[in-house]
Amino acid sequence: MAHDITSMPGFVASAVTEVFSMFVDIELSDPTIENLAGPTNEYDISAVVPLSGSLSGAIALRAPFASAGAFVEAFAGEPAEPESDAFSDAFGELANMISGSSKAKYNSGSLAIGCPTVVMAPGHKIKMPSGTSCWAVRFETHKGPFAIEVGVSVGAVEGTDWSMVEQNDAA
(Lines give C-alpha, C1' and ligand atoms only; values in the text may rest on other atoms or scores of the structure.)
Protein backbone atom coordinates (compact mmCIF):
# COMPACT_ATOMS: atom_id res chain seq x y z
CA MET A 1 0.00 0.00 0.00
CA ALA A 2 1.42 3.39 -0.99
CA HIS A 3 1.49 6.00 1.76
CA ASP A 4 1.31 9.74 1.24
CA ILE A 5 3.89 10.71 3.82
CA THR A 6 3.64 14.37 2.79
CA SER A 7 0.34 14.54 4.69
CA MET A 8 2.00 13.59 8.00
CA PRO A 9 3.00 17.16 9.06
CA GLY A 10 -0.62 18.29 8.70
CA PHE A 11 -1.82 15.41 10.87
CA VAL A 12 0.85 16.26 13.44
CA ALA A 13 -0.17 19.95 13.48
CA SER A 14 -3.78 18.92 14.06
CA ALA A 15 -2.75 16.50 16.82
CA VAL A 16 -0.70 19.19 18.61
CA THR A 17 -3.63 21.61 18.52
CA GLU A 18 -5.94 18.90 19.88
CA VAL A 19 -3.59 17.77 22.69
CA PHE A 20 -2.70 21.31 23.78
CA SER A 21 -6.36 22.33 23.76
CA MET A 22 -7.47 19.34 25.85
CA PHE A 23 -4.55 18.82 28.22
CA VAL A 24 -2.30 21.89 28.34
CA ASP A 25 -4.76 24.77 27.90
CA ILE A 26 -2.17 27.08 26.33
CA GLU A 27 -3.20 28.93 23.19
CA LEU A 28 -1.14 28.15 20.09
CA SER A 29 -0.30 30.20 17.03
CA ASP A 30 -1.16 28.75 13.65
CA PRO A 31 1.58 26.25 12.81
CA THR A 32 4.28 26.88 10.26
CA ILE A 33 5.53 23.82 8.44
CA GLU A 34 8.94 23.70 6.81
CA ASN A 35 11.00 21.02 5.12
CA LEU A 36 14.20 20.22 6.97
CA ALA A 37 17.38 19.61 5.00
CA GLY A 38 19.28 18.48 8.09
CA PRO A 39 19.18 18.40 11.88
CA THR A 40 18.47 21.55 13.85
CA ASN A 41 20.07 22.46 17.15
CA GLU A 42 17.89 25.27 18.45
CA TYR A 43 16.24 23.44 21.38
CA ASP A 44 17.20 22.32 24.88
CA ILE A 45 14.89 19.32 25.33
CA SER A 46 13.42 16.73 22.98
CA ALA A 47 11.05 13.84 23.53
CA VAL A 48 11.55 11.43 20.62
CA VAL A 49 8.83 8.88 19.84
CA PRO A 50 9.84 6.19 17.31
CA LEU A 51 7.47 5.04 14.56
CA SER A 52 7.53 1.61 12.96
CA GLY A 53 5.43 -0.52 10.65
CA SER A 54 4.01 0.99 7.47
CA LEU A 55 6.21 4.03 8.17
CA SER A 56 9.59 4.23 9.84
CA GLY A 57 10.72 7.34 11.59
CA ALA A 58 10.18 9.49 14.63
CA ILE A 59 8.12 12.35 15.97
CA ALA A 60 10.04 14.63 18.34
CA LEU A 61 8.56 17.29 20.61
CA ARG A 62 11.31 19.94 20.95
CA ALA A 63 11.45 23.11 23.06
CA PRO A 64 13.62 25.49 25.04
CA PHE A 65 13.66 24.68 28.77
CA ALA A 66 11.46 27.69 29.62
CA SER A 67 8.70 26.65 27.19
CA ALA A 68 8.94 23.01 28.21
CA GLY A 69 8.66 23.97 31.88
CA ALA A 70 5.50 25.99 31.23
CA PHE A 71 3.95 23.12 29.25
CA VAL A 72 4.83 20.55 31.93
CA GLU A 73 3.37 22.76 34.68
CA ALA A 74 0.14 23.34 32.73
CA PHE A 75 -0.15 19.63 31.89
CA ALA A 76 0.76 18.22 35.32
CA GLY A 77 -0.87 20.97 37.38
CA GLU A 78 2.32 21.79 39.26
CA PRO A 79 5.86 22.91 38.46
CA ALA A 80 8.65 20.36 38.18
CA GLU A 81 12.41 20.82 38.09
CA PRO A 82 13.93 19.94 34.70
CA GLU A 83 16.26 17.39 36.39
CA SER A 84 13.31 15.50 37.92
CA ASP A 85 11.68 12.33 36.65
CA ALA A 86 8.31 14.10 36.87
CA PHE A 87 9.49 16.71 34.35
CA SER A 88 10.83 14.24 31.77
CA ASP A 89 7.86 11.90 32.29
CA ALA A 90 5.34 14.70 31.68
CA PHE A 91 7.22 16.08 28.66
CA GLY A 92 7.55 12.55 27.24
CA GLU A 93 3.86 11.90 27.81
CA LEU A 94 2.93 15.04 25.86
CA ALA A 95 5.05 13.76 22.96
CA ASN A 96 3.44 10.33 23.29
CA MET A 97 -0.09 11.80 23.18
CA ILE A 98 0.78 13.94 20.13
CA SER A 99 2.30 10.90 18.38
CA GLY A 100 -0.69 8.70 19.23
CA SER A 101 -3.14 11.28 17.93
CA SER A 102 -1.02 11.75 14.77
CA LYS A 103 -1.02 7.99 14.24
CA ALA A 104 -4.82 7.83 14.58
CA LYS A 105 -5.24 10.71 12.12
CA TYR A 106 -2.82 9.18 9.59
CA ASN A 107 -4.76 5.88 9.82
CA SER A 108 -3.02 4.13 6.95
CA GLY A 109 -1.65 0.63 7.25
CA SER A 110 -0.01 -0.79 10.30
CA LEU A 111 1.73 2.01 12.19
CA ALA A 112 3.08 1.60 15.72
CA ILE A 113 4.57 4.12 18.12
CA GLY A 114 7.23 3.35 20.70
CA CYS A 115 7.99 4.80 24.10
CA PRO A 116 9.40 8.33 24.17
CA THR A 117 13.05 9.00 24.92
CA VAL A 118 13.70 12.39 26.50
CA VAL A 119 16.97 14.16 25.72
CA MET A 120 18.04 17.23 27.71
CA ALA A 121 21.08 19.05 26.36
CA PRO A 122 21.21 22.59 25.02
CA GLY A 123 21.91 22.61 21.29
CA HIS A 124 21.55 18.88 20.68
CA LYS A 125 20.68 17.56 17.22
CA ILE A 126 18.51 14.62 16.22
CA LYS A 127 19.80 13.03 13.03
CA MET A 128 17.41 11.06 10.85
CA PRO A 129 18.72 8.47 8.37
CA SER A 130 19.33 9.56 4.80
CA GLY A 131 16.28 9.07 2.60
CA THR A 132 13.94 10.18 5.37
CA SER A 133 11.49 13.01 4.68
CA CYS A 134 11.79 15.56 7.50
CA TRP A 135 9.65 18.52 8.53
CA ALA A 136 9.44 20.96 11.41
CA VAL A 137 5.96 21.96 12.58
CA ARG A 138 6.57 25.15 14.58
CA PHE A 139 4.28 26.88 17.06
CA GLU A 140 4.43 30.05 19.15
CA THR A 141 2.70 30.46 22.51
CA HIS A 142 2.67 33.18 25.17
CA LYS A 143 4.90 30.76 27.15
CA GLY A 144 7.45 30.43 24.35
CA PRO A 145 8.10 28.58 21.08
CA PHE A 146 8.32 24.86 20.38
CA ALA A 147 8.33 22.50 17.42
CA ILE A 148 7.45 19.00 16.44
CA GLU A 149 10.07 17.54 14.13
CA VAL A 150 8.83 14.68 11.99
CA GLY A 151 11.05 12.29 10.07
CA VAL A 152 9.41 9.45 8.14
CA SER A 153 9.93 7.06 5.28
CA VAL A 154 7.69 4.34 3.89
CA GLY A 155 8.48 0.94 5.43
CA ALA A 156 11.57 -0.01 7.34
CA VAL A 157 14.84 1.86 6.90
CA GLU A 158 17.74 -0.58 7.04
CA GLY A 159 20.13 0.09 9.89
CA THR A 160 17.88 2.73 11.44
CA ASP A 161 18.88 4.05 14.84
CA TRP A 162 16.33 6.68 15.82
CA SER A 163 18.16 7.42 19.03
CA MET A 164 21.09 9.12 17.29
CA VAL A 165 21.51 12.39 19.13
CA GLU A 166 24.49 14.68 18.79
CA GLN A 167 25.54 17.39 21.24
CA ASN A 168 26.35 20.71 19.60
CA ASP A 169 29.97 21.53 20.47
CA ALA A 170 29.23 25.25 20.28
CA ALA A 171 26.59 25.05 23.05
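Descriptive notes on the structure:
- Residue in region 91-99 that is closer than 17 Å to Thr141 by Cβ and free of Cβ contacts under 8 Å to residues at least 40 places away in the same chain present: no
- Gly114 vs. criteria farther than 17 Å from Glu140 by Cα and crowded, with 17+ Cβ neighbours inside 10 Å: no
- One residue stands out in region 97-110 among those that are surrounded by fewer than 20 Cβ atoms within 10 Å (Cβ to Cβ) and not small (Gly, Ala, Ser): the one that is nearest to Phe11 (Cα to Cα), namely Lys105.
- Residues in region 126-170 that are of a type in the set (D, E, K, R), modelled with pLDDT of 90 or more and either over 13 Å from the mean Cα position of the chain (by Cα) or surrounded by fewer than 16 Cβ atoms within 10 Å (Cβ to Cβ) (or both): 2 in all.
- Test: residue in region 77-88 that is buried (at least 19 other Cβ atoms within 10 Å of the Cβ) and touching a strand residue (DSSP E or B) at 6+ places or on another chain (Cβ under 8 Å): yes
- Identity of the residue in region 54-106, out of contact with any helix residue (DSSP H, G or I) (no Cβ under 6 Å at 6 or more places or on another chain) and polar (S, T, N, Q), that ends up modelled with the lowest pLDDT: Ser54
- One residue stands out in region 55-67 among those that are surrounded by 18 or more Cβ atoms within 10 Å (Cβ to Cβ) and over 12 Å from the mean Cα position of the chain (by Cα): the one that is nearest to Ala86 (Cα to Cα), namely Ser67.
- Some residue of region 35-45 being crowded, with 21+ Cβ neighbours inside 10 Å and of a type outside the set (Asp, Glu): yes
- Only listed residue being free of Cβ contacts under 8 Å to residues at least 40 places away in the same chain and under 19 Å from Thr117 (Cβ atoms), chosen from Val72, Val19: Val72
- Whether a residue is out of contact with any Asp or Glu (no Cβ under 8 Å at 6 or more places or on another chain) and part of a helix (DSSP H, G or I) was assessed, and Val49 does not pass this test.
- Pairs meeting the criteria (first residue in region 115-139 and touching a residue at least 24 places away in the same chain (Cβ under 8 Å) and closer than 12 Å to Gly38 by Cβ, second residue surrounded by fewer than 16 Cβ atoms within 10 Å (Cβ to Cβ) and of a type in the set (D, E, K, R), beta carbons under 6 Å, at least 6 apart or on different chains) are Lys125/Glu166; Ala136/Glu34.
- Taking the conditions (1) in a strand (DSSP E or B); (2) in contact with a Pro (Cβ under 8 Å, 6 or more places away or on another chain) in turn, Ser56 satisfies each one other than (2).
The values are calculated or read from the model by the stated rules, or taken from the named source; none is laboratory data. Owing to the predicted nature of the structure, the values given are computational and were not obtained by experimental measurement. All Cβ positions, even for glycine, are placed from backbone atoms using ideal geometry, and neighbour counts span all protein chains on display.
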